[in-house]
Amino acid sequence: MLDATPKEFNERTSGGMINPAKTCQPIGAMYAALGVHGCLPHSHGSQGCCSFHRMHLTRHFRDPVMASTSSFTEGASVFGGGANLKTAIKNIFQIYNPEIIAVHTTCLTETIGDDIPSIIKEADIPEGKVVFHANTPSYQGSHITGFSNMTKAMVGYFAEASAAIKKEQVNLIPGFVNPGDMREIKRIAHLMGAPFIMFPDTSGVVDTPMTGEFVMFPKGGTTLGELGDSGNSKLTVALGRFASSDAAEALAKKCKVPAVTLKTPIGIKATDALVMALRRAFVREVPWELEEERGQLVDIMTDTHFHFHGKKVAIFGDPDIVTGLAEFAVSLGMAPVHVLTGTPGGAIGSDVGSFEEDIAAIVGQAGLKANIKAGGDLFTLHQLIKNEPVDLLIGNTYGKYIARAEDVPFVRVGFPILDRSVHSYLPVVGYRGAMRLIEMIAGALLDRQDRDAADEDFELVM
Amino acid sequence: MAMTLEQISEMLAKYPVKVEKNRKKHIVIKDSAAGRQEIEANTRTIPGIITNRGCAYAGCKGVVLGPLKDMVHITHGPIGCAFYTWGARRNKARSEDPGQNFMNYCVSTDMQESDIVFGGEKKLAKVIDEVAEIFKPKAITVSATCPVGLIGDDINAVAKAAEERLGIPILAFSCEGYKGVSQSAGHHIANNGLMERVIGAGEREEADGKYPINILGEYNIGGDSWEIERILEEVGYTVVSVMTGDGSYEDLQNAHTAELNLVQCHRSINYIAGMLETKYGTPWLKVNFIGVAATAESLRNMAAYFDDPALTARTEEVIARELARVEPQLEQYRKLCEGKTAFCFVGGSRGHHYQGLFAELGIDTVLAGYEFAHRDDYEGREVIPEIKTDADSKNIPDLHVSADERRFRLKMSPERLAELKRQIPLSYYAGMNADMADGTIMVDDLNHYETEEFIKLLKPDIFASGIKDKYVVQKMGIPAKQLHSYDYSGPYAGFNGAVNFARDVSMGFVSPTWNFIVPPWKDEPLLTGSVTEEGVA
Ligand code: SF4
Ligand code: SF4
């Protein structure tokens with residue numbers, strides 16, 4: 001497996017990627033748009049991109065992922081895609097009848113410079129229907145950037161400060177996480193008695209129940225009304241700097257909604273931060289139910305710390321997720337030695353901080369040092385692991401090649417996960433998500449210990 | 001349940017007029033009394049229609065080039081295109097020299113904004129150098145994605161310069177996704193490149209064993225090719241190369257030494273098949289290794305071609321032995337499948353091939369179609385002269401080859417060839433239509449709306465298609481079988497494959513999981529329940 005990867009580092013200055021740890025903007029934009037109720041994402045470009053993005057999202061969620069395309073041909077690529085988009089809009093409303101179309105661009109349409117707002121203005125849009133858009137050139141950033149851009153577009157198009165005084169409600173921007181995570185964040189907000197608007201919200205869209213009936217626009221998703229009302233909230237909590245803070249800042253600017261950016265609430269510290277933010281904002285005591293959960297989590301952590309302590313771990317994936325995972329690994333007493341994301345360290349066009357600095361601070365507080373890399377690829381990660389082996393690898397499905405090559409226990413967290421199911425239904429965020437992470441990590445480590453043990457060392461109780 | 005033209009018209013009436021007019025031509029109800037029935041194919045998908053189709057890049061790099069294991073495939077473009085074609089198609093490959101097996105690698109130039117603005121040629125050149133230095137491959141391919149053509153990067157020039165610099169072949173493919181109307185354009189582009197640069201580049205004048213053949217259009221999804229090769233080798237054939245499943249640059253170079261080319265997927269590889277005939281005088285035989293009967297027939301046709309009593313005897317021996325082995329296994333599954341109906345909508349050949357296997361299990365295919373095929377894949381190759389080139393097909397250059405003076409050799413007398421052509425599909429494909437039953441439906445580029453509507457009308461028991469519609473169909477309570485990826489099972493080809501397929505399809509029918517869709521409380525009025533159990537007042 002991956003036998004062609006040498007241990008010695010090669011000088012690579014081209015900027016090319018070998019086994020990437022990121023993908024392109026539109027897939028993130030498509031995913032974000034699915035989190036709006038009654039919305040059909042539309043990929044403005046050749047149909048290949050749309051096909052790829054639907055394919056990958058479908059494999060990850062194992063649920064229908066509906067999206068349309070402008071189906072460019074060479075002519076459109078040369079003369080511009082205005083006609084294609086207008087035809088598409090007309091056809092989509094007549095045939096599929098969504099409430100909203102969310103247009104995102106592709107590399108092709110960005111390169112030719114199609115002016116989407118002007119095209120939308122000229123398009124034939126039925127009464128009461130809405131078309132909005134985000135520019136998502138994949139030659140910048142990553143799929144996380146695309147998610148962020150589409151989320152920001154929701155603010156730009158819909159958020160309105162229509163009320164004279166801000167309402168007792170909070171905007172929760174969950175970031176590029178699974179519907180299971182979004183549900184957990186909402187549950188925590190409920191427990192905290194905080195009225196909220198979550199956007200985007202893909203729960204109820206890509207984790208739909210089996211009913212014997214296909215519903216093209218399922219129950220879930222943030223409604224247009226809620227998106228409008230987000231301008232009246234008294235606070236926005238952006239979870240994850242890379243995926244969510246841009247939208248929060250846009251909302252602050254447009255509607256004067258104060259924003260705080262927190263880490264994606266993976267692990268005990270980041271979840272505490274979310275709970276504290278809500279507690280302060282709504283002056284509500286943390287209910288026993290949540291405190292009990294937290295106590296259970298700490299109980300598990302202390303009871304099992306010897307499974308984790310001092311274990312070396314390599315973590316890769318999307319920056320917000322990796323940051324949360326690294327922090328939780330440190331909370332468990334583990335040592336993150338290689339931490340890598342494929343997304344560039346500072347999101348394009350915004351002032352979000354550096355991935356490297358964030359991670360360095362997290363491991364630094366524990367007196368540890370790590371190889372930290374933003375904009376990296378899995379070829380590099382593999383070489384790092386060859387040079388400094390680890391006890392555990394955490395990341396998306398693409399890590400399985402390295403895990404096999406180096407015979408390292410592997411825990412799947414993040415996007416995409418293509419070879420296991422259920423992951424998108426259950427959270428990794430919140431206290432309960434942290435428990436689940438411990439179960440997954442301990443399972444991987446102890447299964448390995450069991451597998452490798454000599455008969456005489458094989459333990460019944462561990 | 002047969003469908004009427006009126007029902008189809010009713011279904012299409014929901015479309016805007018232009019769409020309705022267009023889609024009508026892509027749908028045909030089979031009627032053998034009507035003679036050859038024309039179907040429109042390989043034309044543009046209408047913007048806004050939710051199609052299953054992909055792009056030329058996907059057909060070139062993703063389908064044809066990707067499985068070649070000893071070449072490093074570089075995608076020149078922004079990151080996504082490369083990412084999505086990494087390991088996603090299940091082309092299995094093994095190598096005696098694992099250090100030269102690059103199947104699990106994905107290389108992209110990851111173009112950035114500055115590359116789009118100032119051109120990406122320098123970056124591409126650098127990536128090629130790095131790849132050559134790190135992996136030391138025998139050869140490298142470069143595939144272009146949409147922005148590349150638009151900004152005018154000359155990937156051919158970059159490849160040529162790198163080739164001179166590095167001393168290994170570097171093949172450039174201008175397979176920008178906007179070319180053509182689907183993956184199909186990319187197949188053609190890949191075929192041209194392989195024919196021009198790889199096939200025939202080897203030194204060998206003769207193959208190493210008896211009855212040398214190439215297998216074309218077989219991508220070793222789930223190990224299909226290995227099952228086919230197992231059977232062919234048992235009969236006594238020498239497989240020179242497979243295009244391109246578990247294939248290699250090394251083997252492809254000497255593909256000209258084969259005496260016969262087998263064509264499994266006609267759509268994706270017929271260009272090479274045709275060019276091999278022109279250049280080396282090697283005819284191609286349309287085979288179908290999906291299903292027991294089709295496999296046996298293909299083997300018999302091959303034997304007829306080589307016309308050697310020993311080979312024919314051995315062929316019958318293998319068929320008899322294999323049938324005796326798999327028939328009892330199939331019989332047990334047939335009991336579970338008998339009388340059911342299927343939709344079979346797949347890429348470019350499977351939509352046809354799997355109908356036979358379904359039939360062997362007692363399943364009738366009531367609707368079938370291709371995602372990206374041409375009219376000849378439906379109507380047979382005789383229709384080719386009739387197909388007009390349009391703006392979209394014009395931009396895929398045809399490669400014109402001529403007879404290789406040194407290596408061209410007629411494999412038999414023209415008279416015998418003509419005689420043989422009357423018996424077996426030699427350099428000929430009859431298309432899907434010929435095998436469809438009257439009243440069944442053919443749909444080209446089936447889209448989401450039509451999928452839903454046809455399901456409601458025809459209520460198939462199983463739907464064979466791809467990942468994008470799989471869960472749509474399953475939500476309707478109908479098992480969907482991915483025939484691009486086999487739902488991560490396989491092989492499905494050959495004799496063993498038929499059994500695997502039967503097992504998997506049966507599993508879809510009998511899985512107890514379908515029984516839980518309706519919750520028990522939907523069937524019981526609330527009040528009776530509470531009175532008897534609790535005695536509620
Ligand atoms: S062209 Fe751009 S948008 Fe399309 S798949 Fe490639 S990277 Fe993604
Ligand atoms: S950009 Fe072009 S080449 Fe890449 S996936 Fe999209 S259509 Fe295909």
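The values are calculated or read from the model by the stated rules, or taken from the named source; none is laboratory data. Just so it is clear, the structure is predicted and the values come from calculations on it, not from any experiment. Here the Cβ is made from the backbone with ideal geometry for all residues, glycine too, and neighbour counts use every protein chain on show.
Look at B:Thr141 and say whether it is in contact (Cβ under 8 Å) with a residue 40 or more places away in the chain and within 16 Å of ligand 1 (Cβ to nearest atom). Before you say what the answer is, go through the steps one by one.
Details: in contact (Cβ under 8 Å) with a residue 40 or more places away in the chain: yes; within 16 Å of ligand 1 (Cβ to nearest atom): no.
Judged against the criteria, B:Thr141 is not a match.
Of all residues in the range B:83-136, those satisfying the criterion of being buried (at least 24 other Cβ atoms within 10 Å of the Cβ) and farther than 18 Å from A:Tyr398 by Cβ are B:Thr109, B:Met111, B:Asp115, B:Gly120, B:Leu124, B:Val127, B:Ile128, B:Val131. Considering only residues that are outside any loop (DSSP other than H, G, I, E, B) and out of contact with any helix residue (DSSP H, G or I) (no Cβ under 6 Å at 6 or more places or on another chain), which ones fall in the range A:204-242? Of everything in the range A:204-242, those that are outside any loop (DSSP other than H, G, I, E, B) and out of contact with any helix residue (DSSP H, G or I) (no Cβ under 6 Å at 6 or more places or on another chain) turn out to be A:Thr222, A:Leu224, A:Gly225, A:Glu226, A:Asp229, A:Ser230, A:Asn232, A:Ser233, A:Lys234, A:Leu239, A:Arg241. When you scan the range A:102-118, do you find a residue that is facing chain B (nearest Cβ under 8 Å) and of a type in the set (S, T, N, Q), even just one? Checking the range A:102-118: at least one residue is facing chain B (nearest Cβ under 8 Å) and of a type in the set (S, T, N, Q).
Within the range B:176-190, residues that are within 12 Å of chain A (Cβ to nearest Cβ) sit with their Cβ atoms under 7 Å from residues that are of a type in the set (Phe, Trp, Tyr) and within 12 Å of ligand 2 (Cβ to nearest atom), at 6+ positions apart or across chains, in these pairs: B:Glu176/B:Tyr57; B:Gly177/B:Tyr57; B:Tyr178/A:Phe72; B:Gly186/B:Tyr57. Hey, any hits in the range A:132-139 for a residue that's within 14 Å of ligand 1 (Cβ to nearest atom), over 20 Å from the mean Cα position of the chain (by Cα), at pLDDT below 95 and buried (at least 22 other Cβ atoms within 10 Å of the Cβ)? No: zero hits.
State whether the residues of the range A:152-160 include one that is assigned to a loop (DSSP other than H, G, I, E, B) and either among the hydrophobic types (A, V, I, L, M, F, W, C) or within 14 Å of chain B (Cβ to nearest Cβ) (or both). Yes, the conditions are met somewhere in the range A:152-160.
Yes/no matrix, rows are residues, columns are (1) among the aliphatic types (A, V, I, L, M); (2) within 16 Å of ligand 2 (Cβ to nearest atom); (3) out of contact with any helix residue (DSSP H, G or I) (no Cβ under 8 Å at 6 or more places or on another chain):
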position	(1), (2), (3)
B:Leu12	yes, no, no
B:Lys24	no, no, no
B:Arg53	no, yes, no
B:Tyr57	no, yes, no
B:Gly62	no, yes, no
B:Asp70	no, no, no
B:Thr75	no, yes, no
B:Ala88	yes, yes, no
B:Ser95	no, no, yes
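Right, A:Asp63: over 24 Å from B:Gln183 (Cβ atoms), under 25 Å from the mean Cα position of the chain (by Cα) and of a type outside the set (Ser, Thr, Tyr) or not? Here the answer is yes, as A:Asp63 does meet what is asked. The residues of the range B:166-184 that are of a type outside the set (Val, Ile, Thr), in contact with a Lys or Arg (Cβ under 9 Å, 6 or more places away or on another chain) and away from ligand 1 (no atom under 16 Å from the Cβ), listed by number, are B:Pro169, B:Leu171, B:Ala172, B:Ser184. Residues in the range B:461-481 that are within 14 Å of chain A (Cβ to nearest Cβ) and farther than 18 Å from B:Thr513 by Cα: B:Ser465, B:Gly466, B:Ile467, B:Lys468, B:Asp469. Quick check: anything in the range A:90-99 among the aliphatic types (A, V, I, L, M) and over 20 Å from the mean Cα position of the chain (by Cα)? Yes, the range A:90-99 has at least one match.
Taking the listed residues A:Thr264, A:Thr323, the one that is in the same structural domain as A:Gly395 (by TED's automatic domain parsing), hydroxyl-bearing (Ser, Thr, Tyr) and touching a residue at least 24 places away in the same chain (Cβ under 8 Å) is A:Thr323, with no other qualifying.
B:Ala207 passes every criterion in (1) under 23 Å from the mean Cα position of the chain (by Cα); (2) touching a residue at least 12 places away in the same chain (Cβ under 8 Å) apart from (1). The number of residues in the range A:41-75 that are more than 14 Å from ligand 2 (Cβ to nearest atom) and either in contact with an Asp or Glu (Cβ under 6 Å, 6 or more places away or on another chain) or more than 7 Å from chain B (Cβ to nearest Cβ) (or both) comes to 6. Would you be able to say whether some residue in the range B:108-130 is touching a Phe, Trp or Tyr at 6+ places or on another chain (Cβ under 6 Å), touching a residue at least 60 places away in the same chain (Cβ under 8 Å) and either more than 12 Å from chain A (Cβ to nearest Cβ) or in a loop (DSSP other than H, G, I, E, B) (or both)? Scanning the range B:108-130 turns up no residue that is touching a Phe, Trp or Tyr at 6+ places or on another chain (Cβ under 6 Å), touching a residue at least 60 places away in the same chain (Cβ under 8 Å) and either more than 12 Å from chain A (Cβ to nearest Cβ) or in a loop (DSSP other than H, G, I, E, B) (or both). Inside the range B:138-177, residues that are of a type in the set (A, V, I, L, M), within 11 Å of ligand 2 (Cβ to nearest atom) and in a loop (DSSP other than H, G, I, E, B) make up a count of 0. Being crowded, with 17+ Cβ neighbours inside 10 Å, more than 14 Å from chain A (Cβ to nearest Cβ), among the aromatic types (Phe, Trp, Tyr) and closer than 30 Å to B:Glu6 by Cα is a description that does not apply to B:Tyr449.
None of A:Phe79, A:Phe93 is without any contact (Cβ under 8 Å) to a residue 12 or more places away in the chain, more than 16 Å from ligand 1 (Cβ to nearest atom), aromatic (Phe, Trp, Tyr) and surrounded by fewer than 24 Cβ atoms within 10 Å (Cβ to Cβ) except A:Phe79. Could you list all residues from the range B:55-88 that are near ligand 1 (Cβ under 10 Å from one of its atoms) and of a type in the set (Gly, Ala, Ser)? Of everything in the range B:55-88, those that are near ligand 1 (Cβ under 10 Å from one of its atoms) and of a type in the set (Gly, Ala, Ser) turn out to be B:Ala58, B:Gly77, B:Gly80, B:Ala82.
In the set (1) assigned to a helix (DSSP H, G or I); (2) surrounded by fewer than 23 Cβ atoms within 10 Å (Cβ to Cβ), A:Leu251 fails one condition alone, (2). Of the residues A:Ile165, A:Ile185, which single one is touching a residue at least 60 places away in the same chain (Cβ under 8 Å) and of a type outside the set (Lys, Arg)? Exactly one residue qualifies, and that residue is A:Ile185. Scanning the range A:13-46 for residues that are touching a strand residue (DSSP E or B) at 6+ places or on another chain (Cβ under 9 Å), over 16 Å from A:His133 (Cβ atoms) and near ligand 1 (Cβ under 10 Å from one of its atoms) yields one hit, A:Ser46. Only one of the numbered conditions (1) buried (at least 21 other Cβ atoms within 10 Å of the Cβ); (2) within 23 Å of A:Ile321 (Cβ to Cβ); (3) away from chain B (no Cβ under 14 Å) is not met by A:Leu227, and that is (2).
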